[in-house]
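Here is the structure we will look at.
FYI, it's all coordinate maths here, none of it is from the lab. Note that this is a predicted model, so its numbers are computed, not measured. A quick note on method: Cβ atoms are made from the backbone with ideal geometry, for glycine too, and the neighbour counts reach across all protein chains shown.
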């Protein structure tokens with residue numbers, strides 16, 4: 001796996017965060033999978049990066065915290081959302097993965113238009129309206145499904161995830177599954193309802209509906225006496 005390192009990384013809100021934070025972040029960029037997830041085990045990263053485990057954990061915790069100076073306001077500027085012991089959802093992965101330099105953009109548009117010409121009518125007058133109509137229809141369907149989801153956070157990422165899901169499942173079926181999930185989560189602790197982008201990216205709509213209504217218990221906070229100073 002690999003990722004792109006952009007100059008904006010060195011001029012954004014990470015400025016002054018130190019070499020460990022940058023090393024961890026570039027590890028994230030290089031190892032995030034196609035579904036926007038990455039495993040960050042401080043013990044492994046300590047050996048890979050050659051930094052203290054505590055410093056690595058501090059960097060990870062920083063990426064999971066709100067960042068008011070972030071260029072992206074989704075998820076309050078968080079770069080990572082913890083989903084498991086070592087599993088993290090990378091909030092802006094699709095955006096920076098798809099960012100292209102000038103040459104990449106020109107090559108992409110040449111290939112894109114060549115493919116569009118294969119499927120759109122020859123009549124040039126009709127090409128743009130038909131493409132716009134298709135995109136507008138997809139946006140409308142994604143919005144309708146998002147409105148049914150029981151947790152309204154990270155809308156931009158959620159809509160992108162829903163559109164990807166619609167490429168795998170037809171609109172009526174996905175809409176109905178989303179409604180069923182919302183009904184199952186009604187009255188449940190929203191803490192255990194995943195962000196919509198996470199739910200659709202994981203294809204959790206294919207899970208056993210009996211699992212949707214499970215109510216877990218929040219982790220208890222350690223008492224003052226048990227805290228390590």
Practice task
May I ask for the distance between the Cα centers of segment 66-94 and segment 12-46, given as a whole number of Å?
Solution key: 12 Å
Completion exercise
Rounded to two decimals, the Debye log10 I(q)/I(0) of segment 121-211 (Cα scatterers, no solvent) at q = 0.18, 0.20 Å⁻¹ is -0.76, -0.90
Practice task
Order these peptides, 10-17, 69-76, by their mean beta-carbon neighbour count within 10 angstrom, highest first.
Solution key: 69-76, 10-17
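Give the shape of segment 19-98 as rounded, prolate or oblate, defined through the alpha-carbon gyration tensor: a ≥ b ≥ c are the square roots of its eigenvalues, a/c under 1.5 means rounded, and otherwise the shape is prolate if a/b is larger than b/c and oblate if not. Numbers along the way, then the final one.
Details: a/c = 1.71, a/b = 1.39, b/c = 1.23.
Taking the square roots of the gyration eigenvalues as a ≥ b ≥ c, segment 19-98 is prolate.
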